[in-house]
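Below is one structure, written out as structure tokens, with a few remarks after it.
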Amino acid sequence: MSKIACVMTSMFEDVEYTKPAEAFSKEGHEVTTIEWEAGKQVEGKQGEATVKIDTSIDDVKPEDFDALFIPGGFSPDVLRGDEKFVSFAKHFMDEKKPVFAICHGPQLLITAKALEGRTATGFKSIAVDMEYAGVDYQDKEVVVCQDQLVTSRQPDDIPAFNREALKLLK
């Protein structure tokens, strides 16, 4: 089964972490949460989920993981201000490992300059940002690009997001 790195901090979109993480775990995949501080509790922006961070970005290497998961909310925008998270995410894209980004998740990939020439989607408020980053933006519930990148727009798209992410993990 796959080892999935999940980069997140407080103000993530609650169900955009909990539902995919639950689906991945149910299929036997291991999800490791990564932030600045191991053991820290991070809060979802809806106040519905609290997640204990497994490890610090300083203590992991992207080579140790099979896939990357980026939940939405404000979390990706905060993380992209730190070069450690940017280069961590870029590694997965460069190495053609599976990357799952929902809602505002693609913001981290935009900063990593890893989306140019790709087809993807994201929350409507970042559509123009994605287009400026060279993305063929598609307003669809899920977009799979080059059997590597799975993106979705919002919480309503989670069933399709999970379905396509799990297909890539097989």
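The values are calculated or read from the model by the stated rules, or taken from the named source; none is laboratory data. Keep in mind it's a predicted model, so treat the numbers as computed, not measured. A quick note on method: Cβ atoms are made from the backbone with ideal geometry, for glycine too, and the neighbour counts reach across all protein chains shown. Heads up: the accessible areas ignore ligands, DNA and RNA and are worked out on the full protein's heavy atoms, side chains in. Shrake-Rupley method; radii C 1.70, N 1.55, O 1.52, S 1.80 Å.
The string of couplings for segment 3-17 from the Karplus curve (6.51, -1.76, 1.60, θ = phi - 60°) is 9, 10, 7, 10, 8, 6, 8, 4, 6, 5, 7, 2, 5, 6, 9 Hz, one whole number per residue in order, with x for Gly and Pro. For the peptides 6-13, 87-94, 128-135, the ranking by packing is 6-13, 87-94, 128-135, with the highest mean count of neighbouring Cβ atoms within 10 Å listed first. Computed from backbone phi with θ = phi - 60° and the Karplus coefficients 6.51, -1.76 and 1.60, the 3J(HN,Hα) list for segment 163-170 is 4, 6, 5, 5, 4, 5, 7, 6 Hz; x is used for glycine and proline. Mean sequence separation of contacting Cα pairs (under 8 Å, at least six apart), scaled by the length of segment 3-168, corresponds to a relative contact order of 20 percent.
Modelled label positions at Q148 and D59, each set 7 Å beyond Cα in the direction of Cβ, lie 3.0 nm from each other. Of all DSSP-defined beta bridges confined to the chain, some 25% are antiparallel rather than parallel.
Among 22-30, 96-104, the peptide with the highest mean count of other Cβ atoms within 10 Å heads the list, and the full ranking is 96-104, 22-30. When a/c reaches 1.5 or more, the comparison of a/b and b/c decides; with that in mind, is segment 45-133 rounded, prolate or oblate per its Cα gyration tensor? Because a/c hits 1.5 or more and a/b fails to exceed b/c, segment 45-133 counts as oblate. Amide H contacts under 5 Å for R153: C103, restricted to partners 5 or more places along the chain or on a different chain, H placed in the peptide plane at 1.01 Å from N. Taking the average, over residues, of other Cβ atoms within 10 Å as the packing measure, peptides 140-153, 67-80 rank 67-80, 140-153 from highest down. Across segment 137-150, computed HN-Hα scalar couplings (Karplus, 6.51 cos²θ - 1.76 cosθ + 1.60, θ = phi - 60°) run 6, 10, 8, 9, 5, 8, 10, 10, 10, 6, 6, 9, 9, 10 Hz from first to last residue, x flagging Gly and Pro.
Mind giving me the nanometre distance, one decimal, between the label points for T50 and Y132, set 7 Å out from Cα along Cα→Cβ? Inter-label distance under the simple model: 3.8 nm.
Which percent of the accessible area of segment 17-170 is formed by carbon and sulfur heavy atoms (probe 1.4 angstrom)?
44 percent
Only helices enter the 222 nm calculation for the chain: every DSSP H run of n ≥ 4 contributes -39,500 (n - 2.57), and dividing by all residues gives -9000 deg cm²/dmol, rounded to 500. Note that the chain presents 45 Å² accessible area per residue, ligands and nucleic acids not counted, probe 1.4 Å.
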